[in-house]
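Heads up, the thing below is written out as structure tokens.
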Amino acid sequence: MRRVLIATSNPGKLRDFAGAAAAHGITVASLPDFDSLPGVREDGATFEANARKKAEHYSRFAPGEIVLADDSGLEVDALGGAPGVHSARYAATSPQGNADDRANNARLLRELSHVADHTARFVCVIAAARDGRTLSTFRGEARGRILDAPRGWGGFGYDPLFLFPALGKTFAELTPQEKAGVSHRGAAFGKFLEWYERQQPLR
């Protein structure tokens, strides 16, 4: 079975990727010793910039391998696209640190408490790199709306607040396989898999 390396130790992201990859006979794994590798500052102005920066940086630690990195976030229309690239650190007290999911969700609910329009979209950009060079990038989106209170116990991040209208469920109420079929990360990863299958040879 073929394997794809992901530059993350986030178990939620790994579950999302694994759900999308399983149908293609591909396994996903975190980059070996990821937590011990020197980090990279995510200071790009766009999801693509951050994804490319991470993929290029971490691919240098797995010579010859294709390494994926993603940058993902929530864009809320009424907030001018916020939290956007700052999604993981929306409620952080330090510019460099992330905030926990509960704090980020609480800030989002406060800012939307007197706003009628709760439409939003999740965005994911995946960059594939080898030996420090980006090979390609892949973008996926999922449109929905933000609820007034969380629902569901799965997923991570803003998933309990993000209602996917076509299914009438939040992302936190979906199984990993269901989420892979409709999520922003699943859409971006699906585009990567199509590209990956076309590579000759797969190196």
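Applying the selection to the stretch 57-105, what residues are of a type in the set (Ser, Thr, Tyr) and within 30 Å of Arg198 (Cα to Cα)?
Hits for the stretch 57-105 are Tyr58, Ser59, Ser72.
Please indicate, with yes or no, whether at least one residue in the stretch 132-143 is farther than 27 Å from Leu79 by Cα, assigned to a loop (DSSP other than H, G, I, E, B) and either in contact with a Cys (Cβ under 9 Å, 6 or more places away or on another chain) or at pLDDT 95 or above (or both).
Restricting attention to the stretch 132-143, the residues satisfying the condition of being farther than 27 Å from Leu79 by Cα are 132-136.
With the extra rule that they be assigned to a loop (DSSP other than H, G, I, E, B), the set shrinks to 132.
Then keep just the ones that are either in contact with a Cys (Cβ under 9 Å, 6 or more places away or on another chain) or at pLDDT 95 or above (or both); that gives 132.
Taking every residue of the stretch 132-143 in turn, at least one turns out to be farther than 27 Å from Leu79 by Cα, assigned to a loop (DSSP other than H, G, I, E, B) and either in contact with a Cys (Cβ under 9 Å, 6 or more places away or on another chain) or at pLDDT 95 or above (or both).
When the stretch 164-203 is examined, which residues are found to be of a type in the set (Lys, Arg), loosely packed, with under 13 Cβ neighbours inside 10 Å and assigned to a helix (DSSP H, G or I)?
Just the residues of the stretch 164-203 that are of a type in the set (Lys, Arg), to begin with: 169, 179, 185, 191, 198, 203.
Filter once more, keeping what is loosely packed, with under 13 Cβ neighbours inside 10 Å: 198, 203.
Once the filter is applied, which keeps residues that are of a type in the set (Lys, Arg), loosely packed, with under 13 Cβ neighbours inside 10 Å and assigned to a helix (DSSP H, G or I), the stretch 164-203 yields only Arg198.
Would you call Tyr58 aromatic (Phe, Trp, Tyr), touching a strand residue (DSSP E or B) at 6+ places or on another chain (Cβ under 6 Å) and over 23 Å from Lys179 (Cβ atoms)?
Answer is yes for this residue.
Could you look through the stretch 10-51, keep only residues that are in a helix (DSSP H, G or I), among the hydrophobic types (A, V, I, L, M, F, W, C) and modelled with pLDDT of 90 or more, and pick out the one that is nearest to His184 (Cα to Cα)?
Going through the stretch 10-51, the residues in a helix (DSSP H, G or I) turn out to be 11-24, 34-36, 47-51.
Imposing the further condition that a residue be among the hydrophobic types (A, V, I, L, M, F, W, C) reduces the set to 14, 17-18, 20-23, 34, 47, 49, 51.
Within this subset, residues satisfying the condition of being modelled with pLDDT of 90 or more are 34, 47, 49, 51.
Values: Phe34: 24, Phe47: 12, Ala49: 17, Ala51: 14 Å.
Across the stretch 10-51, the extreme among qualifying residues is Phe47.
Note down all Cβ pairs under 6 Å where the first residue falls in the stretch 44-73 and is within 11 Å of Leu5 (Cα to Cα), the second is part of a strand (DSSP E or B) and of a type in the set (D, E, K, R), and they're at least six residues apart or on different chains.
If the second residue must be part of a strand (DSSP E or B) and of a type in the set (D, E, K, R), the pairs left are Ser59/Arg130; Ile66/Arg130.
Scan Leu147, Leu161 and give me the residue that is at negative phi, aliphatic (A, V, I, L, M) and surrounded by fewer than 17 Cβ atoms within 10 Å (Cβ to Cβ).
Sole residue among the options that is at negative phi, aliphatic (A, V, I, L, M) and surrounded by fewer than 17 Cβ atoms within 10 Å (Cβ to Cβ): Leu147.
The values are calculated or read from the model by the stated rules, or taken from the named source; none is laboratory data. Note that the coordinates shown come from a computational prediction; the quantities given were computed from them, not determined experimentally. Note that each Cβ is placed from the backbone with ideal geometry, even for glycine, and that neighbours are counted across all protein chains shown.
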